[in-house]
Amino acid sequence: MLSALLAAAALSLTVQDPGTAVTLQTEAGPLHGTLLAPSGETRAVGVIIAGSGPTDRNGNIAQGIRASTYRLLAEGLAEEGIATVRYDKRGVGESLFTGMPEQNLRFSHMVDDAVDWAEQAAARAGLPCAWLIGHSEGTLVALAATERDTSAICGLVLVSGAGRPARIILEEQLGPQLPEPMRTQAFTALAELEAGREVEPIPGLEALFRPSVQPYLMSWLALDPRKLIAAYEGPVLIAQGTTDIQVTTVDSDAMKAAQPDATLVVWDGVNHVLKEAPAERAANIRTYGDPDLPLAAPVVPDIAAFILSPR
């Protein structure tokens, strides 16, 4: 039923600066995005898939992040002849009211949406397929999409993405912040959820392990990006910055090791929001709040060159 509804989804268009507003109808309600096309010939089209949490189509979060990474990426790619669709995922921005309770949400819904946006974007551009451009957790969405019918997917651009299972990344991120016994309790809960078993809320971590989000966590933690990328035979670009304080070159190296045919680029001095930044944490984080700071110089050219390279 879901696949049929998504396959029948339609784009409704209204003028919006600097792009065109697009709406994707799903079984849970409409998702909203922006189509930004080049002023001249459209040489390729991509779908920008946002990272974790309430990250909107522009790469911002209402309570803290104002880097506008995805808007800047879309604008840069348009100058290279590449159209993009970027969208507010379920529960975020204009797609906030999708009619789906949190307890019913699964990671597969995010994958369904990405695949259907790709089909729609390709049709709109008059091209046979669209590129999936995933950032952060969006890389896992892109990778999981390759388990579906990939005829609408030209290839993958995986930027600042985890190359190891989410449980390992979460343990690395949470471990230094949690005192004992909370750390051990959290690690045990993550292992249980990864195995598909529900857990009791942990005092002090009720928001992270609330019952309503556990089904989503189980569907997410079950995925291994190394297995997904190893099985995909299409073109893949893996891109990682050296001053990223959220994901590191350990992850990009893990993905490259799992899929030797992938192209790996490492951007020196580039952080998680794709801006030039030092490794020092406070200065690095300041770039997260500056939408006027451009993307680091190699980001757009490297992505565009990969997408447009002859195959």
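Checking the structure you have, find out if any residue of the stretch 77-93 is of a type in the set (S, T, Y) and either over 20 Å from P215 (Cβ atoms) or surrounded by 20 or more Cβ atoms within 10 Å (Cβ to Cβ) (or both). Looking through the stretch 77-93, at least one residue is of a type in the set (S, T, Y) and either over 20 Å from P215 (Cβ atoms) or surrounded by 20 or more Cβ atoms within 10 Å (Cβ to Cβ) (or both).
When the residues of the stretch 291-311 are narrowed to those that are of a type in the set (G, A, S) and either under 20 Å from the mean Cα position of the chain (by Cα) or open to solvent by less than 20 Å² (accessible area, probe 1.4 Å) (or both), which ends up farthest from W131 (Cα to Cα)? Show your work before the answer.
First, pick out the residues of the stretch 291-311 that are of a type in the set (G, A, S): 296-297, 304-305, 309.
If we keep only those that are either under 20 Å from the mean Cα position of the chain (by Cα) or open to solvent by less than 20 Å² (accessible area, probe 1.4 Å) (or both) as well, we get 296, 304.
Numbers: A296: 21, A304: 11 Å.
Filtering first and then ranking leaves A296.
Against the numbered list (1) open to solvent by 10 Å² or more (accessible area, probe 1.4 Å); (2) part of a helix (DSSP H, G or I), P54 comes up short only at (2). Scanning the stretch 58-81 for residues that are modelled with pLDDT of 95 or more, part of a loop (DSSP other than H, G, I, E, B) and under 19 Å from S95 (Cβ atoms) yields N58, G59, N60, S68. One residue is enough: does the stretch 95-110 have a residue meeting the conditions open to solvent by less than 40 Å² (accessible area, probe 1.4 Å) and within 20 Å of G234 (Cα to Cα)? No, the stretch 95-110 contains no residue that is open to solvent by less than 40 Å² (accessible area, probe 1.4 Å) and within 20 Å of G234 (Cα to Cα). Flag: G161 matches the condition of being assigned to a loop (DSSP other than H, G, I, E, B) and under 30 Å from I238 (Cβ atoms).
For the stretch 93-108, enumerate the residues that are in contact with an Asp or Glu (Cβ under 9 Å, 6 or more places away or on another chain) and in a helix (DSSP H, G or I). Of everything in the stretch 93-108, those that are in contact with an Asp or Glu (Cβ under 9 Å, 6 or more places away or on another chain) and in a helix (DSSP H, G or I) turn out to be G93, E94, S95.
When only residues in the stretch 116-128 that are out of contact with any helix residue (DSSP H, G or I) (no Cβ under 8 Å at 6 or more places or on another chain) and not aromatic (F, W, Y) count, which is least open to solvent (accessible area, probe 1.4 Å)? Working first, answer last.
Step one: of the stretch 116-128, the residues out of contact with any helix residue (DSSP H, G or I) (no Cβ under 8 Å at 6 or more places or on another chain) are 117, 120-121, 123-127.
Of the ones still in play, those that are also not aromatic (F, W, Y) are 120-121, 123-127.
Values: Q120: 26, A121: 5, A123: 75, R124: 130, A125: 37, G126: 65, L127: 49 Å².
My answer is A121.
Annotation: of all residues in the stretch 41-51 being among the small types (G, A, S) and not in a loop (DSSP other than H, G, I, E, B), the one that is nearest to the chain's Cα centre (by Cα) is G46. Just one of the numbered conditions (1) over 20 Å from S52 (Cα atoms); (2) under 20 Å from the mean Cα position of the chain (by Cα) is not true of H272: (1).
Taking the conditions (1) open to solvent by 10 Å² or more (accessible area, probe 1.4 Å); (2) closer than 24 Å to A166 by Cα; (3) among the hydroxyl-bearing types (S, T, Y) in turn, T69 satisfies each one other than (1).
Among the helices (runs of 4 or more DSSP H) confined to the stretch 187-290, the ones with at least 3 residues that are within 30 Å of A305 (Cα to Cα) and open to solvent by less than 70 Å² (accessible area, probe 1.4 Å) are located at 225-231, 249-258. Residue count for the stretch 129-173 under the criterion of being surrounded by 24 or more Cβ atoms within 10 Å (Cβ to Cβ), more than 15 Å from M110 (Cβ to Cβ) and either without any contact (Cβ under 8 Å) to a residue 60 or more places away in the chain or among the aromatic types (F, W, Y) (or both): the result is 1.
The values are calculated or read from the model by the stated rules, or taken from the named source; none is laboratory data. Small disclaimer: the values here were computed from a predicted structure and weren't measured. Ideal geometry is used to build each Cβ from the backbone, glycine not excepted, and the neighbour counts take in all protein chains shown. These area figures cover heavy atoms from the full protein model, side chains too; ligands, DNA and RNA do not enter into them. Shrake-Rupley method; radii C 1.70, N 1.55, O 1.52, S 1.80 Å.
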